[in-house]
Amino acid sequence: MTQKTCWICGAPASSKEHRLKKADIQRAYGRGPYRGDESPVHFFSGKQTVIQGPDSKTLKYDAFLCHQCNTATTQPFDKAYDQLICWIFAHEDKVLQCRLIDFEEVYGANFASQQTDLYKYFAKSFGCRLIDAGCEVPKDVVELFPVSNFRTALRITFSVNEDVLRLMPKNWRDGFIGKGQLLYYASPDAPEVHTGYAWDEHVSWFTIHCWYDVHPWPKLGATWVADSQCVYLGSNFPLTDDQRSEYSKLMPGSQMNSPENE
């Protein structure tokens, strides 16, 4: 899709946001360049592309934002996200045991404003995904970026992908980074009018779910709108029993436990 103006501020669009966070790619695979059999592979719409570096054009959207919005304006949001992911990896055993994120542990005494920046990172990620799909970003999402207090229909939940956690050895799953399908909701009488969206993205087993104007699925975590010191993680088993059995044969070191035999 050709986006001529920045969807956040309306200035000419000249800057390309990463589809997959550059810091996540570098954390898993190093700064690059990537060569040989150890090079990461990007899967999209049935196509496989070998990635040679974290700035590969394959990992970027088209220009949906202006340079100012994609750098200076949203830089605090990116930093808040990076700090969260680093904290999760550093405290993985504790997070998985408690199924809880305490933002004060992540950000310190300033956790209230920092979690707002984190929420805005996910709002930016969600907005870019909508534009990439040819959808309009809802007005309440666009308007939340410059303010400290906002009202929006965008809800976030966090969950543990139990199949990734159990079937992939750690050195594999830490490089398992991606985004799910964008689902839209519409009235049967007007299917061309979208009334809500559901979408997710993930780093390893840690999955972020975005719900716009639809009720979050309760098993996928407590609803969060940058409004709580602590947030509980949900649990997700996306594979069928047959898929789980097949993957367990392919993945070295997997722990074959399904929801039924826990």
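The values are calculated or read from the model by the stated rules, or taken from the named source; none is laboratory data. What you are looking at is a predicted structure, and each value in this text was computed from that prediction instead of being measured. Here Cβ is always computed from backbone atoms with ideal geometry, including for glycine, and neighbour counts include all displayed protein chains. Ligands, DNA and RNA are excluded from the accessible area calculation, which covers all protein heavy atoms including side chains. Shrake-Rupley method; radii C 1.70, N 1.55, O 1.52, S 1.80 Å.
In the stretch 1-31, what count of residues is obtained for those that are part of a helix (DSSP H, G or I) and in contact (Cβ under 8 Å) with a residue 60 or more places away in the chain?
Of the residues in the stretch 1-31, 6 are part of a helix (DSSP H, G or I) and in contact (Cβ under 8 Å) with a residue 60 or more places away in the chain.
When you look at T5, is it hydroxyl-bearing (S, T, Y), at negative phi, modelled with pLDDT under 95 and over 19 Å from the mean Cα position of the chain (by Cα), yes or no?
Against the criterion (hydroxyl-bearing (S, T, Y), at negative phi, modelled with pLDDT under 95 and over 19 Å from the mean Cα position of the chain (by Cα)), T5 does not qualify.
Filter the stretch 54-86 down to the residues that are among the charged types (D, E, K, R) and in a strand (DSSP E or B), then identify the one that is nearest to Q26 (Cα to Cα). Working first, answer last.
Going residue by residue through the stretch 54-86, those that are among the charged types (D, E, K, R) are 55, 57, 60, 62, 78-79, 82.
Within this subset, residues satisfying the condition of being in a strand (DSSP E or B) are 60, 62.
Details: K60: 15, D62: 21 Å.
Here the answer is K60.
So that you can scan it fast, the table gives a plain yes or no per residue for (1) open to solvent by 80 Å² or more (accessible area, probe 1.4 Å); (2) modelled with pLDDT of 95 or more:
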| site | (1), (2) |
| --- | --- |
| L167 | no, no |
| N171 | yes, no |
| S187 | no, no |
| Y197 | no, yes |
| W205 | no, yes |
| W211 | no, yes |
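Criterion first (closer than 30 Å to V50 by Cβ and either surrounded by fewer than 16 Cβ atoms within 10 Å (Cβ to Cβ) or not hydrophobic (A, V, I, L, M, F, W, C) (or both)) does K139 satisfy it? Can you show your working first?
Numbers: closer than 30 Å to V50 by Cβ: no; either surrounded by fewer than 16 Cβ atoms within 10 Å (Cβ to Cβ) or not hydrophobic (A, V, I, L, M, F, W, C) (or both): yes.
No, not satisfied.
Within the stretch 32-53, how many residues are open to solvent by 70 Å² or more (accessible area, probe 1.4 Å) and in a loop (DSSP other than H, G, I, E, B)?
So the first thing to find is which residues in the stretch 32-53 are open to solvent by 70 Å² or more (accessible area, probe 1.4 Å), and the list is 33, 35, 37-38, 43-48, 50, 52.
If we keep only those that are in a loop (DSSP other than H, G, I, E, B) too, we end up with 33, 35, 45-46, 52.
Going through the stretch 32-53 one residue at a time, the tally reaches 5.
What do you reckon, is I131 touching a His at 6+ places or on another chain (Cβ under 8 Å), within 20 Å of R19 (Cα to Cα) and modelled with pLDDT of 95 or more? Spell out how you get there, then give the answer.
Details: touching a His at 6+ places or on another chain (Cβ under 8 Å): no; within 20 Å of R19 (Cα to Cα): yes; modelled with pLDDT of 95 or more: yes.
No; evaluated as a whole, the condition is false for this residue.
Between a residue in the stretch 90-112 that is farther than 24 Å from E162 by Cβ and at pLDDT below 95 and any residue that is outside any loop (DSSP other than H, G, I, E, B) and not aliphatic (A, V, I, L, M), which pairs come within a Cβ distance under 7 Å, given they are 6 or more apart or on different chains?
none
Give the residues of the stretch 136-189 that are part of a loop (DSSP other than H, G, I, E, B) and of a type in the set (K, R), sorted by residue number.
Answer for the stretch 136-189, where residues must be part of a loop (DSSP other than H, G, I, E, B) and of a type in the set (K, R): just R151.
Return yes or no: is K94 touching a Pro at 6+ places or on another chain (Cβ under 9 Å) and in a helix (DSSP H, G or I)? Walk me through how you get there before you give the answer.
Working: touching a Pro at 6+ places or on another chain (Cβ under 9 Å): no; in a helix (DSSP H, G or I): yes.
Criteria not met by K94.
Got a number for residues in the stretch 173-183 being open to solvent by 40 Å² or more (accessible area, probe 1.4 Å) and touching a helix residue (DSSP H, G or I) at 6+ places or on another chain (Cβ under 9 Å)?
So the first thing to find is which residues in the stretch 173-183 are open to solvent by 40 Å² or more (accessible area, probe 1.4 Å), and the list is 176, 179, 181, 183.
Retained after the next criterion (residues that are touching a helix residue (DSSP H, G or I) at 6+ places or on another chain (Cβ under 9 Å)): 176, 179.
Result for the stretch 173-183: 2.
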